[in-house]
Amino acid sequence: MAADLKTADIGVYGLGTMGSALALNLAEQGFRVAVSNREADWIAPFLEEAGPLAGHLSGHATLEDFVDSIAQPRSILFMIPSGAPMDAMIDAVMPLLDEGDTIIDGGNADFHDTRRRAAAFDGTGRHFVGMGVSGGEEGARHGPSMMVGGTDHSWTQLRPMLSAIAAKFQGAPCVDHLGPDGAGHFVKTVHNGIEYADMQMITEVYGLLRDAGGQTAPQIGALFESWQKGPLSSYLIEVSAAALQTVDAESGTPMVDLILDKAGQKGTGRWTLIEALKLGQSASTIEAAVGARGWSSEKALRVAAAPLLSDAVTGGTLPTEDEMKSALLAARILGHAQGFRVLSAASDEFGWQLDMARIAEIWRAGCIIRSALLDDLADAFHAGLPEGALILAPAIRDMLGDHLAGLRKTVAAGVSLGVPMPVLSASLAWYDSIRTARGSANLIQAQRDFFGAHGFERGDIAGAHHGTWNAIRRD
Ligand SMILES: NC(=O)C1=CN([C@@H]2O[C@H](COP(=O)(O)OP(=O)(O)OC[C@H]3O[C@@H](n4cnc5c(N)ncnc54)[C@H](OP(=O)(O)O)[C@@H]3O)[C@@H](O)[C@H]2O)C=CC1
Ligand SMILES: O=C(CO)[C@H](O)[C@H](O)COP(=O)(O)O
């Protein structure tokens, strides 16, 4: 099973879905790859299935043999669950490492863990990289988007290999060194928050067409497929179109009609939200998506509530196909704008100097949220943002202007027909809030001062003020 000592270009530990695919991708690009796995029994079948690529792969049952087989300075990629398993692996591998070696956590890790681990590596001569990988199994095998956080030393070492295996957008690899310590994992976390929002808004239009429009899954799938040709084009629309048109061979029923309406989540959407709130940001579109997954899992409550809660629907007409398409495009812009605001706030907080244009660029191919929109967003970042706001960039503002009416009509239809649209409506509410120069928070100021003497600012006289408020009438 083992090959020559110290000859592998990289080691990949963890032969699950992602680790296997990345190891094969590296091998296909001509790198010599050492592999290992906690359950060593998986190594031989993996090598057998690698076919002609097996010549570039060597399997190692023990951590010692695995580390020994990699050329120095070593690059070792871990594709295992985040949290305690990664800490345990670091403890196990650390005594086997030498000066200059880099270990990479390519899983979906909490960036706080990554910062803690990177700090622990500081001064040891060894390096720790937190790398977000997006694209699922297919992306990992044939070209993912990768978001690297770590030292310059590690980036210099990893760059040739990562550039070779990354997805390419017009020939340019979708990978970059985004900053130190937790920068890469934070960007991946926000990527996933945007992913949650994009997925949920697509399902809201599906729900409207199914429940208010009486359309079948294949009909909706065909409509989504037709949207792939325009500005809404994205991997998630493509996935949704294909999934909706898939029929269960045994029953002849569309697969989605057989699947329970309960969606799981592993945590990255929630992390995006938690970090947004800690940074004083509202990411209401993403929050609505995380919330919607939570409500989806409360199946028993919803089944019990359905016959008990009145709908009070007021009736109404379905939006046109173009209006629904516009709704998705406008909401996608708003979801991305919120995600980039969170990235910008984190960059300031942690001193990362994240390059938003580069992030948009490396998301244009390979990753789950890849879409035609990201190219427009990259251009907008390059041109500079008025007030630092993506939605004020002329091209983005124009696009929102063109598609806003569709979003409003779609949300209005959902409201009047009683079809839930948490993400589409949260996106519209955020847009309407931002475009309202004189909002209604003057009354919040008054309320706070009334009950808590918190003071308020006035528009006409500078400084802090207190009001002399009327007493509450009790008669
Ligand atoms: N699936 C996806 O689409 C994506 C996943 N990720 C992330 O990549 C990482 C791997 O995911 P994925 O490949 O899907 O997961 P899988 O469940 O397919 O594989 C998990 C791998 O981790 C190993 N492992 C599990 N627990 C431990 C442990 N305590 N110590 C050491 N090794 C362990 C498993 O080994 P064993 O065979 O012995 O159980 C297996 O090799 C995760 O962090 C995930 O969040 C990132 C992007 C996309
Ligand atoms: O990182 C990913 C895609 O980018 C993984 O598929 C992740 O598991 C998706 O998140 P969740 O499981 O919470 O839906």
Point to revise | Using alpha-carbon coordinates, inclination of helix 17-28 to the longest axis of the chain, degrees | key: 50 degrees
Review point. Dividing the alpha-carbon Rg of segment 31-115 by 2.2 N^0.38 Å yields what?
Key: 1.13
Practice item. Between beta-carbons, use under 15 Å as the cut-off and find the net charge around ALA40, counting Lys and Arg +1, Asp and Glu -1. Key: -4
Review point. Stretch ALA453-GLU250 to full length: gain in nm at 0.36 nm per residue minus the Cα-Cα span?
Key: 66.3 nm
Revision key, fill the gap. If every Lys and Arg gets +1 and every Asp and Glu gets -1 at its Cβ, then about the Cα centre the chain yields a dipole, in debye to the nearest 20, of 1300 debye
Check your understanding: If each of ALA263 and GLN72 carries a label point 7 Å out from its Cα toward its Cβ, how far apart are those two points in nm?
Key -> 4.9 nm
Practice item. Over segment 10-181, calculate the relative contact order: mean separation of alpha carbon pairs under 8 Å at least 6 apart, over the residue count, as a percent. Key: 20 percent
Exercise for review: Kindly express, to the nearest 10 degrees and within the range 0 to 90, the angle between helix 111-121's C-alpha long axis and the longest C-alpha principal axis of the chain.
Suggested key: 30 degrees
Review point. What percent antiparallel are the DSSP beta bridges of the chain, to the nearest 5?
Key: 30 percent
Review point. Cα-based count: Lys pairs in segment 189-434 below 28 Å, eight or more positions apart or different chains?
Key: 8
Exercise for review: Could you give me the radius of gyration and the Dmax of the chain, taking only the C-alpha atoms into account and expressing both in angstrom?
Suggested key: 25.2, 91
Review point. Quick one: how many Å² of SER284 are accessible to a 1.4 Å probe, rounded to 10?
Key: 30 Å²
Check your understanding: Against the longest principal axis of the chain, how steep is helix 394-417, in degrees 0 to 90 to the nearest 10, with axes from Cα atoms?
Key -> 70 degrees
Review point. How far apart, in nm, are two points set 7 Å out from the Cα along the Cα-to-Cβ line at LEU277 and at ASP98?
Key: 4.9 nm
Exercise for review: Express in whole angstrom the spacing between the alpha-carbon centres of segment 351-415 and segment 160-184.
Suggested key: 21 Å
Check your understanding: Leaving out ligands, DNA and RNA, what percent of the accessible area of the chain is carbon and sulfur, probe 1.4 Å?
Key -> 53 percent
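The values are calculated or read from the model by the stated rules, or taken from the named source; none is laboratory data. Please read all numbers here as calculations on a predicted model, not as lab measurements. Cβ sites come from the backbone with ideal geometry, for glycine too, and all protein chains shown count toward neighbours. Only protein heavy atoms, including side chains, enter the accessible area calculation; ligands, DNA and RNA are left aside. Shrake-Rupley method; radii C 1.70, N 1.55, O 1.52, S 1.80 Å.
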